[in-house]
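See structure below.
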Amino acid sequence: RKPMTLHSLRAMQARSEKIAMLTAYDATYARLADEAGVDAVLVGDSLGMVVQGHTSTLPTTLDEMAYHTRCVARGLQGGAAWLIADLPFASYQQGTAQAMAASAALMQAGAQMVKLEGGGWTPETVRFLVERGVPVCAHLGLTPQSVHALGGYRIQGRDAASATTLRAHARELAEAGAAMMVLELMPSDVASAVQSDNPQMMTIGIGAGPGTAGQVLVLHDMLGLTRGKLPRFVRNFARDEQTGAAVATDVALAAYVAAVKAGQFPDPVAHAYGSAA
Ligand code: KIV
Ligand code: NA
């Protein structure tokens, strides 16, 4: 495979080929994901939970994100996947200059795009970064860095008023130049509406139904390694759905890519949410 670029990702969207994204935090898994055909690897601040053992993503620092981004970037050397890294909590909220400095740290660690959470106040920051050569992925819906403000890991945009606000925020971010947007934990019709409102932007869903340009899951969740109750949008690709037999990691990663590309994951009912009646 040729190395992904923003241009080749957009070309995938234009020909309706689904974009398969996964998180990775180290070189070995990044390389496995790349070899399995994953189009984009996200060094998510979910590493705070699945790698560092925190109960939220808030404690994860910029230095830690940069360290894991360097690990993943080495794993992707000679590979094809596009590399996105999360700006962690409190690394971009103070203003555009802080956001640029934090983005520089991640880009210098090997990221090709940075992701930041939230709407309303974020378009100014997105425009500032994009004008300075930093591709940006926005993130709306359930934004885990705001978990305490949101009152838990709850579905967003379920009633008409909050769906309208979410769509307005998405439009502002697209106009500010966000090339990509993660849509997390929202009704499928809201995510589909965000995509059709903003055809120039690639939407990547997680718990947002099948209507987005691509899908993302947390690696440890889709490999069945995360303990405790998982949200219904997660599918364990390391177990055969029929027989329950264990599936080797490389095979599980390839099955994820194949299911996303075939439109078989997420299931529109089992892995998705509806709007409030
Ligand atoms: O940190 C993360 O893993 C993420 C994805 C769930 C989108 O932000
Ligand atoms: Na994240």
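Bear in mind these aren't lab numbers, they're just calculated from the coordinates by the rules spelled out. Every value quoted in this text rests on a predicted model; they were computed, and no experiment measured them. Cβ placement follows ideal geometry from the backbone for every residue including glycine, while neighbour counts extend to all protein chains displayed.
Excluding Val190 itself, calculate the net charge of residues whose Cβ lies under 12 Å from the Cβ of Val190, where each Lys or Arg counts +1 and each Asp or Glu counts -1.
Taking every Cβ under 12 Å from that of Val190, the sum is -2.
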Expected sort for 128-136, 35-43, 140-148, 242-250 on mean C-beta neighbours within 10 Å, highest first, is 35-43, 140-148, 128-136, 242-250
Computed over segment 29-79, Cα set: Rg, Dmax in Å:
11.7, 35
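Indicate, rounded to the nearest 5 percent, the antiparallel portion of the DSSP beta bridges found entirely in the chain.
That works out to approximately 5 percent antiparallel.
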Suppose R0 equals 30 Å. What FRET efficiency, 1/(1 + (r/R0)^6) with r the Cβ-Cβ distance, do Thr96 and Asp159 give to the nearest 0.05?
0.40
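Normalising by the residue count of the chain, find the relative contact order in percent from Cα pairs under 8 Å and 6+ residues apart. Numbers along the way, then the final one.
Values: 567 pairs, mean separation 49.2, N = 277.
Relative contact order here is 18 percent.
For segment 1-65, what Kirkwood radius comes out of the mean inverse Cα-Cα distance, in Å? Each step should come with its number before you reach the end.
On the way: mean 1/r = 0.0751 Å⁻¹.
After inverting the mean inverse Cα-Cα distance, the result is 13.3 Å.
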Dividing the Cα radius of gyration by the Kirkwood radius, what Rg/Rh value follows for segment 135-277?
0.98
Using a 7 Å offset from the Cα along the Cα-to-Cβ direction at both Glu35 and His7, what is the distance between the two label points in nm, to one decimal?
3.0
If you take every residue apart from His68 with its C-beta less than 12 Å away from the C-beta of His68, what net charge results, scoring Lys and Arg +1 and Asp and Glu -1?
-3
Cα-based Rg/(2.2 N^0.38 Å) for the chain, rounded to two decimals, is 0.92
Treating only the Cβ atoms of Lys and Arg (+1) and Asp and Glu (-1) as charged, compute the dipole magnitude of segment 6-261 about its Cα centre; round to the nearest 20 debye.
220
Which lysines does Lys261 reach when only Cα atoms under 19 Å apart count, and residues fewer than 8 places away in its own chain are ignored?
Lys2, Lys18
Quickly estimate the mean residue ellipticity at 222 nm for the chain, helices only: each DSSP H run with n ≥ 4 gives -39500 (n - 2.57), and the total goes over all residues, rounded to 500.
-11000 deg cm²/dmol
In order over segment 207-222: 3J(HN,Hα) from phi, Karplus 6.51/-1.76/1.60, θ = phi - 60°, whole Hz, x for each Gly or Pro, gives x, 10, x, x, x, 8, 6, x, 10, 9, 9, 6, 3, 5, 5, 6
Could you give the Stokes-Einstein D for segment 1-110 in µm² per second, using the C-alpha Kirkwood radius, 4 °C, 1.567 mPa s?
90
Under the Karplus relation 6.51 cos²θ - 1.76 cosθ + 1.60, θ = phi - 60°, what is the ordered set of whole-Hz ³J(HN,Hα) values for segment 97-104, x standing for Gly and Pro?
5, 5, 5, 5, 5, 5, 5, 4
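All other residues with a Cβ under 9 Å from the Cβ of Gly207 taken together, and with Lys, Arg as +1 and Asp, Glu as -1, what is their net charge?
Numbers: positive: Arg232; negative: Glu184.
Value of the local net charge: 0.
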